[in-house]
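Some notes on the structure that comes next.
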Amino acid sequence: MALFRSLGRVSRAAAARFSKNSVRSCSSQAPPLILGSRRFCDALGRPSGSRHSCRHFCSAVPPIFLEDLDVERRDPQGGLDAALNSVVKIFTVSSSPNYVLPWQKKPLRELTGSGFAISDRRILTNAHVVADHSYVMVRKHGSAVKFRAKVQAVGHECDLALLRVDDDDFWEGIEPLELGDIPFLQDSVATVGYPQGGDNICVTRGVVSRVEPVQYIHGGSHLIAIQIDAAVNPGNSGGPAMYNNTVVGVVFQNLSNAENVGYIIPVPVIKHFLSDVEERGRYIGFCGLGLVCQSTENKQLRDHLKMDSKKTGVLVSKVYPLTEVSNYIKKDDVLLAFDGVLIANDGSVTFRNRERISFVHLVTMKREGESAALRVLRDGKEINFNVKLAPVKPLVPNHQFERLPSYYIFAGLVFVPLTLPYLHEYGDDWYNASPRRLCDRTFSKMPKKPGEQFVIMSQVLIDDINAGYERLAELQVKQVNGEKIVNLQHLRRLVEGCKEPYIRFDLDDGRVIVLKYESAKEASLRILQNHRISSPVSTDLLEADKEEESSDDAEQEGTL
């Protein structure tokens, strides 16, 4: 399976985000090709078709930066001069959570990426460039001064972030770039940024190879992206892709084990992110239907579903609870059209001139609260529904940036909600290295109740009180004293409110843990001291307690 990789974060742990066979760090990859073939040959005064063309020349010489060329600059496409006055280098100091030891954080690390100025004195970059940030600075092209930047908004699903710089000196000479549209196949684009291999700005050129939904490795979502054959490398992340003096995308990832296969975030996704922030004050997310669909390319299946030769669509094989669409759509319905756009038997819809794209793209471009017209076939009859859409939240979160992990420790038993970042702690090959049972549940389970979590016992801090239970780690916790748990906070309250002499935990696979309650409470303090753990409860659970207390006080005052 092809491997994607993010370009802006040079650390191994941060790059290993999502993808079945895994996302790998690019920190040790080859240096970038700095100039595209046509521009480089123009600069040297050589014809691009000669035997000294840039394609061969760039592979034989080290990177050449714009500042090193004492030649007249020519820009056949236009827009690069404006880009050079807009693109900035971003310096991030970040510290990621430690999901193995959730009461700790990992050491600080320094990362670099790219970004560019847009309207209203804002800087657009990738979310993975500033994820888990502690401090962010930016530097303009041609300047030696770094300016403090603040993160205004982050959309991890779409891998985009907005920065603001309050210092007026920074904005002198900055030219905001304008957003264009999705380029067509074979259109030539130029990417501008600060990849590894040097400290100065550099430009690469390539052509648009395809436009289709791909997996965004940082946030784990499937959104439309543009594939280009420009050489993009770590550090390019967040830089603009230019065409006809406008931005047509933001560089964000490339394909491992392939040469010059990069991806840029297209303008529709960028505008969706920006409109959320501008109109609602924060990033909301991208909508989903909450359906799992199957193609109907087999004629016998279509006959069984009573689809005549003029009808096309996809079979609904699963409907997620807690979604608006679950009130209308049933299993074995055939989804024929979305907002009047016919869906083919393979799940694709028409897209521009002679191109096709998954109908999921139409869903993701909807804003939260907007309605969609669905036409379905049920028992041979067509039915129309209008459904309000919203982002769909999985049972196991794909990411947990800008927040510390939740945990609860009792008698040395460490309880945590399962998240994808927890599985990423198993390394680059986490899909094969992590417990198979947990991996399968990650991609197949959806919440059935509001606030539901998949709680596991991640490890046992060994002590006399829990000796013999250490092999039961990494199993799901289902019940406490016979009561089914909903989430980690519910488990904690059941434990702390126990009135029985013994406390019993029922785990997955029929396994059981039983402890003398009072002895376990006494051992808890000793175990925390031995392992230098300051609190048995994570900060978010304690804050939830305070919020509930404040809410209860407000209700009592209202009653009085």
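The table that follows gives values for the structure above.
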{"quantity": "Semi-axis lengths (Å, descending) of the ellipsoid that matches the C-alpha gyration tensor of the range 213-354", "calculated": "34, 20, 15"}
{"quantity": "Cross-link table Lys499/Lys546; Lys445/Lys478; Lys448/Lys521; Lys318/Lys381; Lys388/Lys484, entries beyond 22 Å C-alpha to C-alpha", "calculated": "Lys499/Lys546; Lys448/Lys521; Lys388/Lys484"}
{"quantity": "Neighbour net charge for Val248 - beta-carbon separation under 10 angstrom, K R +1, D E -1", "calculated": "-2"}
{"quantity": "Rel. contact order, % - alpha carbon contacts under 8 angstrom, at least six apart, the range 205-338", "calculated": "15"}
{"quantity": "Neighbour cut-off at most 15 other Cβ (10 Å), DSSP loop, GluC sites (Glu not before Pro), the range 250-344", "calculated": "Glu259, Glu297"}
{"quantity": "Candidate lysines - alpha carbon under 30 Å from Lys89, same-chain residues fewer than 8 apart omitted", "calculated": "Lys105, Lys106, Lys140, Lys146, Lys150, Lys271"}
{"quantity": "Whole-Hz ³J(HN,Hα) from phi, Karplus 6.51 cos²θ - 1.76 cosθ + 1.60, for the range 509-525, glycine and proline x", "calculated": "6, x, 7, 9, 10, 10, 9, 5, 4, 5, 5, 5, 5, 5, 6, 4, 5"}
{"quantity": "Selection of chymotrypsin sites (Phe, Trp or Tyr not before Pro), the range 152-257, meeting DSSP coil and at most 13 other Cβ within 10 Å", "calculated": "Phe184"}
{"quantity": "Positive minus negative residues near Trp103 (Lys, Arg vs Asp, Glu; Cβ under 13 Å)", "calculated": "+2"}
{"quantity": "Note, ³J(HN,Hα) from phi for the range 363-373, Karplus 6.51, -1.76, 1.60, rounded to Hz, x at Gly and Pro", "calculated": "5, 5, 7, 6, 8, 4, x, 6, 9, 10, 8"}
{"quantity": "R0 of 60 Å, Cβ-Cβ distance Tyr328-Gln186: FRET efficiency to nearest 0.05", "calculated": "0.90"}
{"quantity": "Projected-area mean, the range 211-291, by convex hull of Cα positions, square nanometres", "calculated": "6.7"}
{"quantity": "Most to least packed among 525-538, 229-242 [average Cβ atoms within 10 Å]", "calculated": "229-242, 525-538"}
{"quantity": "Note, ³J(HN,Hα) from phi for the range 533-541, Karplus 6.51, -1.76, 1.60, rounded to Hz, x at Gly and Pro", "calculated": "9, 6, 9, x, 10, 5, 4, 5, 5"}
{"quantity": "Neighbour cut-off at most 12 other Cβ (10 Å), DSSP loop, trypsin sites (Lys or Arg not before Pro), the range 457-520", "calculated": "Lys499"}
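We did not get these values from a lab; they are worked out from the coordinates using the rules stated. Because the structure is predicted, anything quoted here is derived from the model rather than measured. Don't worry about glycine lacking a Cβ; one is built from the backbone with ideal geometry, like all the others, and counts go over all protein chains shown.
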